[in-house]
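Chemist: Below you will find the structure I want to go over with you.
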Amino acid sequence: MTRAMHKDPDTLSPGLRQMIQARARLVHASMSDPSWLISDPLLGFIAPLAGLRPVDPRRLARYVLLREVLKQILLAFAERQIPAMLLKGLHYADSLYPNPAIRPTQDIDLLVPPDRFQEAAMLLQEKGFRLQAGSPFEQSRFRTAPGYIELPDGFDPTAFLCPGEVNLQHPGGADVDLHWHISPDPFLRAVRPLPMNQFWQSAPELSGYESDLLYHLARPLELFYMLFTWHRNGFRSNYALVDMDLLLQQESDQRALWEQVADFALRNQSRLFVYRALRLRERICGADAAGVAITRLEPGFFARWRTLPLENERSILSKSKDGIPNRQRWFIQWMCVDRWTDTIKLLLVLICPPRAWLVFRYGSAGHWLQHWKRMLGTIFFARK
């Protein structure tokens, strides 16, 4: 439901105001004349929240397209009784923002149970969706034709290091990321396994859509997931802090909510990355009820040095998430691994990929060797 628009920047939450002020200092703008926010490449998307400009019609057209494609997907899933969970951008646009077209949304993110992942992926391909270029599945043995994969009956994505999502594209140009796990990276998932059954058990139904089998994350897990994706993207998302702020504005007892986030992080070996994300958020948006979670999650002295300023509020408010080298993301994620045993495991996985990954990508270890022989031969003859 559409809510009333803000009238000026002073009516925004204290966290958003502090973030805008920090950005204004970086670009040498004056808060007395907030018109600079309209064309700002990082925070310009929240200008409609302050009533500084109307919603971009191109963004509205994109939102309408994504909702139409989502309708088609949900109707197809309803025929097969496939439950789904709406994640990230489109869900936040509908539930947190006064106008859903304010929040830039590039694609549709849907989570399905692991045991229905194969059925859901094949169903979408039957409906005309095609595999995106660059998808991890494009380089796997399951790719049978350009833009198409064939997952066999009984395919179990949890049985080996399978990517946590398949990236598809609608003929109309809308991108769809079909997840079976919230972490798309198989290597980090091997180090920090998050129990997806807990996400599904507490998921409430999502009304206002074309399916009775559509769900969303419970509030504590939604907040945890926002922190998780912010951390996974190298603390570079322009929207993560705004999404978190708007979600917290809808919560009457923020302290209890942060307590539940801390409980979940402690139970699931996610202490350091949640602590690091909350410390960065505090430096950008100011102290609030999240302080109770920071206190509970604060590591000991010998672990605390790994959370020293890998990033700071200045670098986060100076750059977007686009163009971050993967090595930088890996470094940030490694520095937030909870235990040294997990660090050793992660390094071993990176240095010596297990047979399961080779089988997924090349069909067998022998095919992997043939692939490298062809690659070396190509390089050799190209240099001659």
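Chemist: Output yes when any residue across the stretch 202-212 is at pLDDT 90 or above, within 18 Å of the chain's Cα centre (by Cα) and not charged (D, E, K, R), and no when none is.
Modeler: yes
Chemist: Being part of a loop (DSSP other than H, G, I, E, B), touching a residue at least 60 places away in the same chain (Cβ under 8 Å) and under 21 Å from the mean Cα position of the chain (by Cα) is the filter here; which residues of the stretch 93-145 pass it?
Modeler: Tyr97, Arg103, Pro104, Gln106, Val112, Pro113
Chemist: Among the residues of the stretch 7-16, are any among the acidic types (Asp, Glu) and either buried (at least 18 other Cβ atoms within 10 Å of the Cβ) or modelled with pLDDT of 85 or more (or both)?
Modeler: no
Chemist: Hey, another quick one. Would you pick out the residues in the stretch 129-175 that are among the polar types (S, T, N, Q) and either crowded, with 20+ Cβ neighbours inside 10 Å or within 30 Å of Tyr63 (Cβ to Cβ) (or both)?
Modeler: Gln132, Ser135, Asn167, Gln169
Chemist: Continuing with this model, one more query. Checking Met85 against (1) in the same structural domain as His181 (by TED's automatic domain parsing); (2) in a helix (DSSP H, G or I); (3) aliphatic (A, V, I, L, M), which single condition isn't satisfied?
Modeler: (2)
Chemist: Further question: Residues to consider are Leu43, Leu65, Leu60, Leu52; find the one that is buried (at least 20 other Cβ atoms within 10 Å of the Cβ), within 21 Å of Leu96 (Cβ to Cβ) and among the aliphatic types (A, V, I, L, M).
Modeler: Leu43
Chemist: Could you identify the single residue in Ala293, Ala287, Ala277 that is surrounded by fewer than 16 Cβ atoms within 10 Å (Cβ to Cβ), at pLDDT 65 or above and closer than 20 Å to Leu246 by Cβ?
Modeler: Just one listed residue meets the conditions, Ala287.
Chemist: Does Leu168 satisfy the criteria of being outside any loop (DSSP other than H, G, I, E, B) and of a type outside the set (D, E, K, R)?
Modeler: Taking the combined requirement at face value, the residue satisfies it.
Chemist: Restrict the check to the stretch 231-241 and report whether at least one residue is assigned by TED's automatic domain parsing to the domain that holds Ala133, crowded, with 20+ Cβ neighbours inside 10 Å and in contact with a Leu (Cβ under 9 Å, 6 or more places away or on another chain).
Modeler: Looking through the stretch 231-241, none of the residues is assigned by TED's automatic domain parsing to the domain that holds Ala133, crowded, with 20+ Cβ neighbours inside 10 Å and in contact with a Leu (Cβ under 9 Å, 6 or more places away or on another chain).
Chemist: How many residues does the stretch 19-51 contain that are touching a Ser or Thr at 6+ places or on another chain (Cβ under 8 Å), farther than 16 Å from Tyr239 by Cα and in contact (Cβ under 8 Å) with a residue 24 or more places away in the chain?
Modeler: 1
Chemist: Same structure, new question: Just to be sure before I move on: is Gln249 surrounded by fewer than 18 Cβ atoms within 10 Å (Cβ to Cβ) and outside the structural domain of Glu138 (by TED's automatic domain parsing) in the structure I sent?
Modeler: Yes: the conditions hold for Gln249.
Chemist: Residue under question is Leu124, and the condition is that it be modelled with pLDDT of 85 or more, surrounded by 14 or more Cβ atoms within 10 Å (Cβ to Cβ), in contact with a helix residue (DSSP H, G or I) (Cβ under 6 Å, 6 or more places away or on another chain) and under 24 Å from His91 (Cβ atoms); does it hold?
Modeler: Here the answer is no, as Leu124 does not meet what is asked.
Chemist: Go through (1) polar (S, T, N, Q); (2) assigned by TED's automatic domain parsing to the domain that holds Asp175; (3) more than 30 Å from Leu124 (Cα to Cα) and name the single condition Ser13 misses.
Modeler: (2)
The values are calculated or read from the model by the stated rules, or taken from the named source; none is laboratory data. These numbers come from a predicted model, not from an experiment. Cβ: placed from backbone, ideal geometry, glycine included. Neighbour counts: every protein chain shown.
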